[in-house]
Amino acid sequence: MDRGVKFVLDNFDKTLDFINNHPEYEKYKKRVQIEYSRIKYIKYTGNMYEHFLKFKGGNHKYAEDFKFLEENGILSNESLADYLKDNYSDEMDHYCGIEDLRVGNVYSNSEIANTFKCSNMGGMRRSKETNSLVLIAKHNNPLYDDQWTDDGILNYTGMGTENDQSISYAQNKTLTIAKREGIKVYLFESYKDNEYYYDGEVELAGTPYQSEEADINGVIRKVIKFPLKRLDQSKSLIIDIEDIEKSENEKLKEVRKFNSNEIKSRAKIAETENVSTKEVKTIYRERNQYIAEYTKERANGICDLCGKEAPFKDKNGRPYLESHHVITLAENGPDAIYNTVAICPNCHRRIHVLHQKEDVERLSKVIMNYLLSDEDKENIKKWEELFKN
Ligand SMILES: [Zn+2]
Ligand SMILES: [Zn+2]
């Protein structure tokens, strides 16, 4: 094993040990474990370095949470890239080969370029050195509408951002003749910048066909669609639901740059014949049903936020309200009656769409009033710890 890799794995063992011995950091354990299981597949220092480059700069969304590590003599993700560079520079150019890539794992752009010896730009990258063609499906780019069908076919859009695409152009041609010429074709899918899920080797599953889509200037043009299927169907590719949601938001931002006529003309030619499906990974946070039910009973049919009556009754004739965590479970809020409210579906959507501080303040006060009238001293104390900072 590379010494740089060994160092990182040991460092993660230390991190988990530390968390196990310090219950105040228990809430970070899951995140460390997820990251640990991901990096265990990295075999070479160069790839390890690429991986931790993503964290460098400290603006990673969890960077603040892990400050305690360095204070305790363990390196955080943010400094691992630098550490590897300083201490294992001789092993830095040690990258994995194509056969070491694992379907479903996420790789960076330079990991891909280094592994396949291909360009680090473009959606179709030919490498003579490894006799391969690397395809990138960018799901956060509305210019390319690459959709999976239910029967495991990806309709991959060819090369060319302007005017009609041609089957004999550059890598479109390579992909068409790949099988005959013994060129191996590999697929990556991206939902956000510099993170690429590896799909493994793919091949043409049928004849390429033409379709109509808007080009970069908004002109409707002909594009080539390549039906692709994965060679090894046994390993399924599971995408993180958060990545998909983010990519849809990014696409939406691009779409909103157009005026309403442009949006209309694109919508009219867009047609999804087979709605694409994906296996996704979600984190399910379990909720206690006593807490949810008590919260609704406490509200007595009136929305805790807008003060209006529940908009309808459920099948059992009970006023329909939804239980909501004021500090969400995703933000490590507790599932407890000093953090839950019962609100109408309209208010509930609004809260999750707008994320307004005023709503948090208002709802926390509502909870406090319930606790006061119940003289629930214990939960009042916990409420204060939760909302006072
Ligand atoms: Zn309401
Ligand atoms: Zn909610």
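The table that follows gives values for the structure above.
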item: Test: residue in segment 11-33 that is within 22 Å of E111 (Cβ to Cβ), in contact with a helix residue (DSSP H, G or I) (Cβ under 7 Å, 6 or more places away or on another chain) and either basic (K, R) or not in a helix (DSSP H, G or I) (or both); result: no
item: Test: residue in segment 325-346 that is of a type outside the set (S, T, Y), surrounded by 12 or more Cβ atoms within 10 Å (Cβ to Cβ), away from ligand 2 (no atom under 13 Å from the Cβ) and within 29 Å of the chain's Cα centre (by Cα); result: yes
item: Test result for Y62, within 22 Å of I19 (Cβ to Cβ) and out of contact with any Pro (no Cβ under 6 Å at 6 or more places or on another chain); result: yes
item: Any hit, segment 370-377, residues being in contact (Cβ under 8 Å) with a residue 60 or more places away in the chain, more than 32 Å from the chain's Cα centre (by Cα), more than 15 Å from ligand 1 (Cβ to nearest atom) and part of a helix (DSSP H, G or I); result: yes
item: Selection count where residues are without any contact (Cβ under 8 Å) to a residue 40 or more places away in the chain and among the hydrophobic types (A, V, I, L, M, F, W, C), scope segment 90-115; result: 1
item: Extreme residue, nearest to ligand 2 (Cβ to nearest atom), among residues of segment 313-324 that are outside any loop (DSSP other than H, G, I, E, B) and among the charged types (D, E, K, R); result: E322
item: Residue tally, condition charged (D, E, K, R) and either more than 25 Å from D243 (Cα to Cα) or out of contact with any strand residue (DSSP E or B) (no Cβ under 9 Å at 6 or more places or on another chain) (or both), over segment 105-162; result: 6
item: Subset tally (residues that are in contact (Cβ under 8 Å) with a residue 40 or more places away in the chain, in a helix (DSSP H, G or I) and under 28 Å from D376 (Cα atoms)) for segment 340-358; result: 2
item: Enumeration of residues in segment 182-224 that are modelled with pLDDT under 90, outside any strand (DSSP E or B) and touching a helix residue (DSSP H, G or I) at 6+ places or on another chain (Cβ under 8 Å); result: N194, G218
item: Some residue of segment 280-296 being of a type in the set (S, T, Y), within 29 Å of D240 (Cβ to Cβ) and either surrounded by fewer than 12 Cβ atoms within 10 Å (Cβ to Cβ) or not assigned by TED's automatic domain parsing to the domain that holds D359 (or both); result: yes
item: The one condition in (1) within 16 Å of ligand 1 (Cβ to nearest atom); (2) of a type in the set (A, V, I, L, M, F, W, C); (3) not in a helix (DSSP H, G or I) that I337 fails to fulfil; result: (1)
item: Test for L175: is it farther than 29 Å from H51 by Cα and at pLDDT 95 or above; result: yes
item: Pair list, Cβ < 9 Å and 6+ apart or interchain, from segment 227-241 residues that are in the same structural domain as G206 (by TED's automatic domain parsing) and in contact (Cβ under 8 Å) with a residue 40 or more places away in the chain to residues that are among the hydroxyl-bearing types (S, T, Y) and loosely packed, with under 13 Cβ neighbours inside 10 Å; result: P227/T207; P227/Y209; D240/T282; I241/T282
item: Residue, farthest from W383 (Cα to Cα), within segment 297-324, restricted to residues that are aliphatic (A, V, I, L, M) and buried (at least 18 other Cβ atoms within 10 Å of the Cβ); result: A310
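The values are calculated or read from the model by the stated rules, or taken from the named source; none is laboratory data. Owing to the predicted nature of the structure, the values given are computational and were not obtained by experimental measurement. All Cβ positions, even for glycine, are placed from backbone atoms using ideal geometry, and neighbour counts span all protein chains on display.
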